[in-house]
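Read the structure below first, then the notes.
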Amino acid sequence: MKILPVTLDHPDAAKLDDQVQSEYVERYGDADLAPMDPAQFAPPRGLYLIAYDADGTPLATGGWRSMERDEEQYADGDAEVKRMFVVPAARGQGLARRILAALEDSARAAGRTRMVLSTGDRQPEAIALYRSSGYEPVVPKFGLYRTYESSLCFGKPLG
């Protein structure tokens, strides 16, 4: 298994995004409507990763993008995690944890001071991953879904 940087508009990223969007529809009744521009995930202001198996099949993905203080309650120096996803057949192998650690290392090296993310209350697997990786609830909530009761926001200092 190897983890490689790709662009957000890479065909494998699009394939995995279609799968995660389908899962959001199953769990919440709608896809994620947060706008995402591939340029936001280009180093040094972001990064997008895909984990591949030995045969070159994409199994997992995740990225971060730089965010600064704005009307959606981000703080200066934030690195927002987006599109963490592992295909169902590859879950339980630690892929999400490995991608998350690589994203944190990259954001830290880029001078970001805090990793932040939002997830939904119908994603207990994600919540467990983030809590066990040192993420704590953030108040006030931030991002597009900050006013939704089902939205949970987490953060972790990168010091």
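Just to be sure, is Glu104 surrounded by fewer than 12 Cβ atoms within 10 Å (Cβ to Cβ) and among the acidic types (Asp, Glu)? Lay out the reasoning, then the answer.
Values: surrounded by fewer than 12 Cβ atoms within 10 Å (Cβ to Cβ): no; among the acidic types (Asp, Glu): yes.
No; evaluated as a whole, the condition is false for this residue.
So the check is Cβ under 9 Å with 6+ separation or different chains; which pairs have a first residue in region 15-40 that's over 25 Å from Tyr52 (Cβ atoms) and a second one that's in a helix (DSSP H, G or I) and modelled with pLDDT of 95 or more?
Note: pairs meeting the criteria are Asp30/Tyr24.
Is it the case that region 47-57 has a residue that's part of a loop (DSSP other than H, G, I, E, B), touching a residue at least 40 places away in the same chain (Cβ under 8 Å) and over 20 Å from Lys2 (Cβ atoms)?
Going through region 47-57, the residues part of a loop (DSSP other than H, G, I, E, B) turn out to be 53-57.
Checking the rest, the ones that are also touching a residue at least 40 places away in the same chain (Cβ under 8 Å) come to 53-54.
Now drop any that are not over 20 Å from Lys2 (Cβ atoms), which leaves none.
Looking for residues that are part of a loop (DSSP other than H, G, I, E, B), touching a residue at least 40 places away in the same chain (Cβ under 8 Å) and over 20 Å from Lys2 (Cβ atoms), one finds none in region 47-57, hence no.
So how many residues does region 24-52 have that are among the acidic types (Asp, Glu) and either buried (at least 16 other Cβ atoms within 10 Å of the Cβ) or on the phi > 0 side of the Ramachandran plot (or both)?
Looking only at region 24-52, we keep the residues that are among the acidic types (Asp, Glu), and these are 26, 30, 32, 37.
Those left that are additionally either buried (at least 16 other Cβ atoms within 10 Å of the Cβ) or on the phi > 0 side of the Ramachandran plot (or both): 32.
The number of residues fulfilling the criteria is 1.
Of the conditions (1) of a type outside the set (A, V, I, L, M, F, W, C); (2) out of contact with any strand residue (DSSP E or B) (no Cβ under 6 Å at 6 or more places or on another chain); (3) part of a loop (DSSP other than H, G, I, E, B), Arg27 satisfies every one except a single condition; which number is it?
With respect to (1) of a type outside the set (A, V, I, L, M, F, W, C); (2) out of contact with any strand residue (DSSP E or B) (no Cβ under 6 Å at 6 or more places or on another chain); (3) part of a loop (DSSP other than H, G, I, E, B), Arg27 is out only on (3).
Which pairs have Cβ atoms under 8 Å, sit 6 or more apart or on different chains, and link a residue in region 115-144 that is closer than 17 Å to Arg83 by Cα and touching a residue at least 40 places away in the same chain (Cβ under 8 Å) to one that is among the polar types (S, T, N, Q) and surrounded by fewer than 16 Cβ atoms within 10 Å (Cβ to Cβ)?
Correct list of pairs: Gly120/Ser150; Arg122/Ser150.
With respect to the numbered conditions (1) free of Cβ contacts under 8 Å to residues at least 24 places away in the same chain; (2) in contact with a Lys or Arg (Cβ under 9 Å, 6 or more places away or on another chain); (3) not small (Gly, Ala, Ser), which one is the sole condition not fulfilled by Glu71?
Answer for Glu71: the failing condition is (2).
Against the condition part of a loop (DSSP other than H, G, I, E, B) and either of a type in the set (Gly, Ala, Ser) or buried (at least 18 other Cβ atoms within 10 Å of the Cβ) (or both), how does Gly111 come out, does it pass? First the steps, then the outcome.
Working: part of a loop (DSSP other than H, G, I, E, B): yes; either of a type in the set (Gly, Ala, Ser) or buried (at least 18 other Cβ atoms within 10 Å of the Cβ) (or both): yes.
Criteria met by Gly111.
Residue-wise test of (1) in contact with a Ser or Thr (Cβ under 8 Å, 6 or more places away or on another chain); (2) in a loop (DSSP other than H, G, I, E, B); (3) among the charged types (D, E, K, R).
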| residue | (1), (2), (3) |
| --- | --- |
| Leu100 | yes, no, no |
| Glu104 | no, no, yes |
| Leu117 | no, no, no |
| Leu129 | no, no, no |
| Glu149 | no, yes, yes |
| Leu152 | yes, no, no |
| Lys156 | yes, no, yes |
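The values are calculated or read from the model by the stated rules, or taken from the named source; none is laboratory data. Remember, it's a predicted structure, so these values are computed and weren't measured experimentally. Virtual Cβ from ideal backbone geometry, glycine too; neighbours counted across all protein chains shown.
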